[in-house]
Ligand SMILES: Nc1ncnc2c1ncn2[C@@H]1O[C@H](COP(=O)(O)OP(=O)(O)OP(=O)(O)O)[C@@H](O)[C@H]1O
Ligand SMILES: [Mg+2]
């Protein structure tokens, strides 16, 4: 008995009990749909972290002002401005494997024409784009002349450029940062969200010296202090060694005694991200595992209904055997029926799962990633569920004795 | 000799209790015979038929079908024998309810591995022989009892078996329809097929050329019917 014919017999048998077949499939539909959706959510989270790692580079250390006391109470990082531009310069000079980029930060109101935007201003050095691995979309970055001359030039992040200029080109336009006129000389590439969900493109970069002298002025307590020093470690250099060297050097420069806490805060960001990636991968597995349980329940539903079906159709089985069906023919017939149930359910589940992950992406704003592998996996899993849970009832049918099956009431 | 049994026995065990349905039946049936099997209820007629048709296996004894011993066959070999050599007709028709007449008749050919075109052709020919050409696409529920039984007979004949086994084929039919079915059997038998038919009714049995009577699992009587009735003639007479 060929497969096509068997398929037709199976479809007819399933169609004869539409509601029952539908309800049985529902278990698989929900199971496969859940697996697809959950993997999409997990993969989306993973992809987001991976993108951040790419955006950050795997070799970035951030040094922030502030201290961690031995009691565990932490002073707000950046509040006491314990690190300085000079620290950054010394780091770069003493440890040739590093490039450092000190930065001061200030919340500012930016005006261009009658557009008005409140954003964060970063005073940075020419090394900043390289260290942050953040290219320019157009225009130029800062050079040493800008630093020494404290020129009034600015580079805009994408969000600010959009807010102030819409679709027109911001290059060579004049913006006012806290009423001080600056000329836009460059626009940054899109960077996306930070690790903590902030919009990193909502930013204006100006030369560090200009930030101090022209904008922040007397507000800055110590003239050379900075909020942050970004450090890029040369590719291939051990991050742990670099961290140790930075810590030793800073402690020495800050004249900290052994036993005294650091008055700065040092973080290897890629490490944080890698931890996040690992946990999001575990999350994906966990979600998939939970969803698989519903697929398993769906499989048990199939087995249950196939057992009922075998019992109901005992006389049919007997008749088929009487006219020459072999055990294998009967086995195939019921197996194909079970696999049809699970595969049709699987396909509907894939469609629903794809829709579900799109909906979650749309309404919850989570990033979801529908992967081919999850579809292949779910389809394969559905087929395996069909075969696995269909086999026992099918074998039960195939082993019936023809005469007993025919006589069955 | 088409059928030869020696000391055929069939025992059923119901828990500790044992039922001897057939207790040593030896019989020979030639090709082309028309045999009626009679006997009271529980005498072992159906058990005997099921053994002849390889639907069941004997507890002991020998059975040769067309010169070949049937004992110690695998279930698949028995299935092949049922498929190619034997056609069954049951009291309750046993048609597949969701399949139309044509598909029901094709069923044995499917298991014989016959290709679709050939299958349709042969099934159609048998339905035509049964006078059911215009009922090919009817479901069993859309057919009368007599028509259903004729579909079942077409199905039994479609693989061109040497032996037609019928267990009370007229049991569920009225007397006129029964007569029609018997006329069919007689016609088929004239064309050369061996027919073994189980019945309660003497009226039906008298259309056979040999009548075997069972009692308590044994053959009590076995004799030729010198003057079998002609079902076809009776039909015409009653129509007139
Ligand atoms: N599967 C079975 N299990 C136990 N006993 C059985 C089974 N099948 C038949 N028997 C017994 O075997 C005996 C013969 O049964 P069988 O069906 O052959 O009788 P029969 O002559 O066909 O009767 P009827 O005219 O009522 O159809 C009976 O006593 C019956 O109870
Ligand atoms: Mg009987």
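The numbers here are math on the coordinates, done by the rules we state, and not lab data. No experiment lies behind these values; they were computed from the predicted model shown. Virtual Cβ from ideal backbone geometry, glycine too; neighbours counted across all protein chains shown.
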Problem - Fully extended contour minus Cα-Cα distance, from residue B:11 to residue B:134, at 0.36 nm per residue - result: 39.7 nm
Practice task
May I ask you to sort B:10, A:162 by Cβ crowding, counting other Cβ atoms within 10 Å and putting the fewest first?
Solution key: A:162, B:10
Handout entry: Simple spin-label estimate for residue B:233 and residue A:140 in nanometres, 7 Å along Cα-Cβ
Key = 12.4 nm
Fill in the blank from the handout: Note to self, chain A gives a 222 nm [θ] from helices alone (DSSP H runs n ≥ 4, -39500 (n - 2.57) apiece, / all residues, nearest 500) of -18000 deg cm²/dmol
Problem - Share antiparallel - DSSP beta bridges, chain B, percent rounded to 5 - result: 60 percent
Handout entry: Degrees between helix A:3-16 axis and first principal axis of chain A (Cα, 0 to 90, nearest 10)
Key = 90 degrees
Fill in the blank from the handout: Taking r as the C-beta separation of residue A:8 and residue B:20 and R0 as 51 Å, the FRET efficiency to the nearest 0.05 is 0.70
Practice task
Pull out a ≥ b ≥ c, the square roots of the eigenvalues of the alpha-carbon gyration tensor of the range A:292-357, then state rounded if a/c is under 1.5, prolate if not and a/b is larger than b/c, and oblate in the remaining case.
Solution key: prolate
Handout entry: Convex hull volume of chain A per residue (C-alpha atoms, cubic angstrom)
Key = 203 Å³
Exercise for the section: Could you tell me which of rounded, prolate or oblate describes the range A:180-255, using a ≥ b ≥ c as the square roots of the eigenvalues of the alpha-carbon gyration tensor, with rounded for a/c under 1.5 and, failing that, prolate when a/b is larger than b/c and oblate otherwise? Expected result: oblate
Problem - Average beta-carbon neighbours from other chains, 10 Å sphere, peptide A:10-19 - result: 1
Handout entry: Unit Cα scatterers, Debye sum, chain B: log10 I(q)/I(0) for q = 0.07, 0.10 Å⁻¹
Key = -0.23, -0.47
Exercise for the section: Enter the mean number of other protein chain beta carbons within 10 Å of the beta carbon of each residue in B:103-114, as an integer. Expected result: 4
Handout entry: Nearest-ten-degree value, helix A:372-398 long axis tilted from longest Cα axis of chain A
Key = 20 degrees
Handout entry: Estimated 222 nm signal from helices in chain B, with DSSP H stretches of n ≥ 4 weighted -39500 (n - 2.57), rounded to 500
Key = -11000 deg cm²/dmol
Completion exercise
Measuring from the longest principal axis of the C-alpha atoms of chain A, the long axis of helix A:269-312 (C-alpha) lies at a number of degrees, nearest 10, equal to 10 degrees
Problem - Whole-angstrom gap from the range A:1-27 to the range A:368-409, using each part's C-alpha centre - result: 12 Å
Completion exercise
Note to self: C-alpha centroids of the range B:1-63 and the range A:204-266 sit apart, in Å, by 102 Å
Practice task
Would you mind getting me the FRET efficiency between residue A:237 and residue A:289? Use the beta-carbon distance for r and R0 = 25 Å, nearest 0.05.
Solution key: 0.05
Fill in the blank from the handout: Compactness check, the range A:83-262: C-alpha Rg relative to the 2.2 N^0.38 Å globular estimate gives 1.08
Completion exercise
Listing A:4, A:117, A:134 by rising number of other beta-carbon atoms within 10 angstrom, fewest first, gives A:4, A:117, A:134
Practice task
State whether the range B:70-206 is rounded, prolate or oblate according to the following rule on the C-alpha gyration tensor (a ≥ b ≥ c being the square roots of its eigenvalues): a/c under 1.5 gives rounded; otherwise a/b larger than b/c gives prolate, and the remaining case gives oblate.
Solution key: oblate
Practice task
May I ask you to sort B:176, B:98 by Cβ crowding, counting other Cβ atoms within 10 Å and putting the fewest first?
Solution key: B:176, B:98
